[in-house]
Amino acid sequence: MTATLTAPAPTSETATPTHTYDLGLLVLRLAVGLTMAAHGAQKLFGWFNGGGLTGTGKFFEMSGYPAGKTMAAVAGLTETLGGLALAIGLLTPLAAAALVGTLLNAIAVKWGGNFFAPKGIEYELILTLAAASLSLTGPGRYALDRFIPALRTHRLIVGFAAIVLALVTAGAILLIRN
């Protein structure tokens, strides 16, 4: 005789309405997306005490990337547009993956063996994992993706494929770094 384990049926005390999850995903998308968009604005425009393209380009060159100003523009555009798209839930798997790729490069640049801030990577790592999680879970109900038929119903394989694309792209960029 084999026993099977089944979860008890949800009751009014244990059931969580779907909208609760959707609201949680919205809050997470806004936090990660707007944080990354602000970082992109620092690189592109020098806003929020950022270096702008010139200052950020010099940082990229000192970090071993060729064509520092171009790389700063690519990173800034990726963070700004990817962050804003993630915040509003537009093309969520790709927007999240764009941030994952950029953040993996940030982790590689900052990595020095420390985990905790200010010299560690904990901040970049938590943003990377949050973006990857959003790529896998989808944006939730409160997102513009709900109006795109192909993205209305999130599929895990789409999120997974987007993360693989982020890993490949980040790896290629890291290969050109000195």
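Here are a few things to note about the model shown:
- Residues in the range 120-129 that are free of Cβ contacts under 8 Å to residues at least 24 places away in the same chain, open to solvent by less than 70 Å² (accessible area, probe 1.4 Å) and β-branched (Val, Ile, Thr): Ile121 alone.
- Filtered residues of the range 138-154 (kept if open to solvent by 60 Å² or more (accessible area, probe 1.4 Å) and touching a residue at least 12 places away in the same chain (Cβ under 8 Å)): Arg141, Tyr142, Leu144, Arg146
- Each residue in the range 61-75 was checked for being under 14 Å from Gly40 (Cα atoms) and of a type outside the set (Ser, Thr, Tyr), and 6 pass.
- Leu53 vs. criteria free of Cβ contacts under 8 Å to residues at least 60 places away in the same chain and within 22 Å of Ala130 (Cβ to Cβ): no
- Of all residues making up the range 73-99, the number that are open to solvent by less than 20 Å² (accessible area, probe 1.4 Å), over 16 Å from Ala172 (Cα atoms) and without any contact (Cβ under 8 Å) to a residue 40 or more places away in the chain: 1
- Close pairs from the range 103-119: first surrounded by 13 or more Cβ atoms within 10 Å (Cβ to Cβ), partner not β-branched (Val, Ile, Thr), Cβ under 6 Å, at least 6 apart: Leu103/Glu124; Leu103/Leu127; Leu104/Ala170; Asn105/Ala170; Ala106/Glu124; Ile107/Glu124; Ala108/Leu174; Val109/Ser63
- Test: residue in the range 131-154 that is more than 25 Å from Tyr21 (Cα to Cα) and either in a helix (DSSP H, G or I) or of a type in the set (Lys, Arg) (or both): no
- Of the criteria (1) within 20 Å of Ile163 (Cβ to Cβ); (2) open to solvent by 20 Å² or more (accessible area, probe 1.4 Å); (3) not polar (S, T, N, Q), which one Gly24 fails: (1)
- Boolean, Leu90 is closer than 25 Å to Trp47 by Cβ and either assigned to a loop (DSSP other than H, G, I, E, B) or of a type in the set (Asp, Glu) (or both): yes
- Condition met for Thr18 (within 23 Å of Ala150 (Cα to Cα), surrounded by fewer than 14 Cβ atoms within 10 Å (Cβ to Cβ), of a type in the set (Ser, Thr, Tyr) and touching a residue at least 12 places away in the same chain (Cβ under 8 Å)): yes
- Scanning the range 38-66 for residues that are open to solvent by 10 Å² or more (accessible area, probe 1.4 Å), closer than 21 Å to Ala87 by Cβ and assigned to a helix (DSSP H, G or I) yields a count of 6.
- Scanning the range 155-178 for residues that are touching a residue at least 24 places away in the same chain (Cβ under 8 Å) and either among the charged types (D, E, K, R) or not in a helix (DSSP H, G or I) (or both) gives Ile176, Arg177, Asn178.
The values are calculated or read from the model by the stated rules, or taken from the named source; none is laboratory data. This one's a predicted model, so the numbers in the text were calculated from it and none came from an experiment. Cβ coordinates were reconstructed from backbone atoms using ideal geometry, including for glycine residues, and neighbour counts include every protein chain displayed. The protein model used for the area step is the full one, side chains on, heavy atoms only, and it has no ligands, DNA or RNA in it. Shrake-Rupley method; radii C 1.70, N 1.55, O 1.52, S 1.80 Å.
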